[in-house]
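The values are calculated or read from the model by the stated rules, or taken from the named source; none is laboratory data. If you're wondering where the values come from, they're calculated on a predicted model, not measured in any experiment. Neighbour counts run over all protein chains shown; Cβ positions are idealised from the backbone, glycine included. Each accessible area value is taken on the protein alone, full model and side chains, heavy atoms only, with ligands, DNA and RNA left out. Shrake-Rupley method; radii C 1.70, N 1.55, O 1.52, S 1.80 Å.
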Amino acid sequence: DQQVKQNSPSLSVQEGRISILNCDYTNSMFDYFLWYKKYPAEGPTFLISISSIKDKNEDGRFTVFLNKSAKHLSLHIVPSQPGDSAVYFCAARTTGAQKLVFGQGTRLTINP
Amino acid sequence: NAGVMQNPRHLVRRRGQEARLRCSPMKGHSHVYWYRQLPEEGLKFMVYLQKENIIDESGMPKERFSAEFPKEGPSILRIQQVVRGDSAAYFCASSPWGNVLTFGAGSRLTVL
């Protein structure tokens with residue numbers, strides 16, 4: 001039962017353009033959402049998060065949008081840079097639970 | 001302030017042998033999580049521990065896998081009688097409490 005889904009295994013974007021990564025979830029009890037970035041042979045690193053009481057959170061070039069009615073969140077990166085090439089994981093947590101549930105990941109490639 | 005330390009980074013075992021993976025959480029973090037990433041898949045939750053206690057082991061296979069987080073020393077993920085399907089990257093994460101997890105670089109297990 002995949003509660004967090006990233007339906008695009010890969011995405012290719014031109015440097016300087018906007019990258020949009022999408023994530024859908026099925027569990028309405030999720031109240032906190034996170035994005036992690038992972039380079040090869042390294043562990044995932046935290047990027048940005050959003051609470052379910054908000055619909056947008058921004059940090060520099062990264063913005064996360066949450067649409068609770070659609071059970072959908074997205075990560076926008078603008079402008080995209082070559083160093084953004086990595087696998088991006090969406091994750092979610094339910095109230096009172098400590099563990100994070102991860103999506104399958106989207107491999108983002110930024111082309112020069 | 002060292003991050004989450006995992007060792008060994010790479011471990012090769014023959015079928016039927018035991019694998020022990022170690023994780024030292026960040027200083028001040030009392031919550032430890034283990035995740036497994038199979039090739040071309042996302043991160044799957046295995047177990048969540050606090051000092052001397054297993055809090056949630058809902059993601060652990062019922063047989064051959066065990067985890068501990070003793071009062072002194074690192075957390076250990078133990079896999080007995082390894083099979084080829086156990087080949088994966090095993091990531092440890094820690095947190096002071098909930099929400100954002102900080103991940104280690106992972107231990108890559110290869111079973112011959």
Inter-chain shielding of B:43-52 (mean C-beta neighbours from other protein chains, 10 Å cut-off): 3
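To the nearest 20 debye, what charge dipole does chain A have about its Cα centre, counting +1 at the Cβ of each Lys and Arg and -1 at the Cβ of each Asp and Glu?
Approximately 120 debye in magnitude.
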Average Cα contact separation per residue, the range A:1-48, under 8 Å, 6 or more apart, as relative contact order %: 30 percent
Residue-averaged beta-carbon neighbours from other chains (10 angstrom radius) around A:98-107: 6
Normalised convex hull volume, the protein assembly as shown, alpha-carbon set, Å³ per residue: 127 Å³
Added length on full extension, which subtracts the Cα-Cα distance from 0.36 nm per residue, A:Ala70 to A:Thr95: 7.1 nm
Hydrodynamic radius by Kirkwood, which averages 1/r over all alpha carbon pairs of chain B, in angstrom: 13.9 Å
Coil-residue chymotrypsin sites (Phe, Trp or Tyr not before Pro) of the range B:28-100, DSSP, other Cβ within 10 Å capped at 15: B:Trp97
Chain A, relative contact order [Cα under 8 Å, separation at least 6], %: 37 percent
Percent carbon-and-sulfur accessible area, the protein assembly as shown, ignoring ligands, DNA and RNA, probe 1.4 Å: 48 percent
Heavy-atom accessible area order for A:Asp55, B:Asp56, A:Asp84, largest first, 1.4 Å probe: A:Asp55, B:Asp56, A:Asp84
The protein assembly as shown - accessible surface per residue (Å², probe 1.4 Å): 50 Å²
Semi-axis lengths (Å, descending) of the ellipsoid that matches the C-alpha gyration tensor of the range A:43-112: 23, 15, 11
Cβ-derived FRET efficiency at R0 22 Å, B:Lys44 paired with A:Leu11, nearest 0.05: 0.45
Buried accessible area, chains A and B (both chains, 1.4 Å probe, Å² to nearest 100): 1600 Å²
